[in-house]
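The values are calculated or read from the model by the stated rules, or taken from the named source; none is laboratory data. Just so we're clear, the structure is a prediction, and the values are computed from it rather than from any experiment. Cβ atoms come from the backbone with ideal geometry, glycine included; neighbour counts cover every protein chain shown.
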Amino acid sequence: MRVVFLGPPGAGKGTQAKFLQEKCGACQVSTGDILRKAVQDHTPLGKKAAEYLDKGELVPDDVVLDLVAERLRQKDCEKGFILDGFPRTVAQAEGLERILENLGWGLDSVLCLQLPQEVVIRRLSGRRNCRKCGGLYHAAWSPPRRDGVCDQCGGELYQRQDDREETVAARLRVFDAQTAPLAEYYRKKGLLRPINGEGSVEEIRGRVFQALGAKAA
Ligand code: AP5
């Protein structure tokens, strides 16, 4: 399986990509997670990326393309991958084509989660992430058993810096201007699978599997 998850911030890309990874063994590649880790570890990449993440802007295409090219060359991606949060511009989509051509691979589908902005804002304002294992929670809809503590590993839960209201507004503007046009790009290539992103995690999971022509159970 070689797929891309497309959709606005907070659409549920990470939630569904994690599930597909567990179910199908393909590797989740989240550029957001890689960049946040680099910022946390103060690597040269992290120092370059931090100012963009803080403002809700996109990290330059060449930086992201280099990190994806390196990630896809790793052994665990041979059995398939789920790209989560990449590509985000037409230049990145064209770059991805070149990377995959070099590896002798092609994309199977582009899963595009569609949902109204007010739902996205509600999801982002309640999101909590685990610092240790990356587990995902929502303060209202999927809270941890103990406040601030991850059910899976006991790690500390935190709210992402870029989930603050003003940064969310910037991220949504960036999505509309730079990422939304990718739906048309992939529609023309016959790869686009639009998915209604409203509803419960399980309902959307079912739609994702239906779009992939597989069974969710
Ligand atoms: P990134 O980390 O990719 O963020 P994003 O695309 O904005 O997406 P999110 O992670 O916010 O949301 P999601 O769709 O994964 O939703 P989730 O499953 O978490 O990027 C962050 C930054 O990094 C960018 O702004 C940019 O600066 C940089 N960057 C990253 N990639 C880049 C690239 N390619 N090029 C340039 N720059 C790049 O769900 C959200 C919440 O909703 C959670 O709490 C979850 O529990 C809950 N939820 C999920 N589904 C449901 C449901 N069905 N019902 C109820 N709650 C739900």
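Taken over the stretch 9-36, the criterion of being assigned to a helix (DSSP H, G or I), surrounded by fewer than 20 Cβ atoms within 10 Å (Cβ to Cβ) and more than 11 Å from the ligand (Cβ to nearest atom) is satisfied by Q21, E22, K23, C24. Taken over the stretch 173-217, the criterion of being part of a strand (DSSP E or B) and surrounded by 15 or more Cβ atoms within 10 Å (Cβ to Cβ) is satisfied by L192, R193, P194, I195. Could you grab me the full set of residues in the stretch 126-168 that are touching a helix residue (DSSP H, G or I) at 6+ places or on another chain (Cβ under 7 Å) and small (G, A, S)? Hits for the stretch 126-168 are G134, A139, A140. Put simply, of I82, I121 the only residue that is more than 8 Å from the ligand (Cβ to nearest atom), surrounded by 20 or more Cβ atoms within 10 Å (Cβ to Cβ), under 28 Å from P143 (Cα atoms) and β-branched (V, I, T) is I82.
Residue count for the stretch 85-107 satisfying the condition of being within 15 Å of the ligand (Cβ to nearest atom), farther than 14 Å from K189 by Cβ and aliphatic (A, V, I, L, M): 2. Screening D76 against (1) crowded, with 16+ Cβ neighbours inside 10 Å; (2) touching a residue at least 24 places away in the same chain (Cβ under 8 Å); (3) not aromatic (F, W, Y) leaves a single unmet condition, (1). Going by what's in this entry, would R128 be described as within 10 Å of the ligand (Cβ to nearest atom), modelled with pLDDT of 95 or more and outside any helix (DSSP H, G or I)? So R128 fails the test. Applying the set (1) more than 11 Å from the ligand (Cβ to nearest atom); (2) in contact (Cβ under 8 Å) with a residue 12 or more places away in the chain; (3) surrounded by 13 or more Cβ atoms within 10 Å (Cβ to Cβ) to P116 leaves exactly one unmet item: (3).
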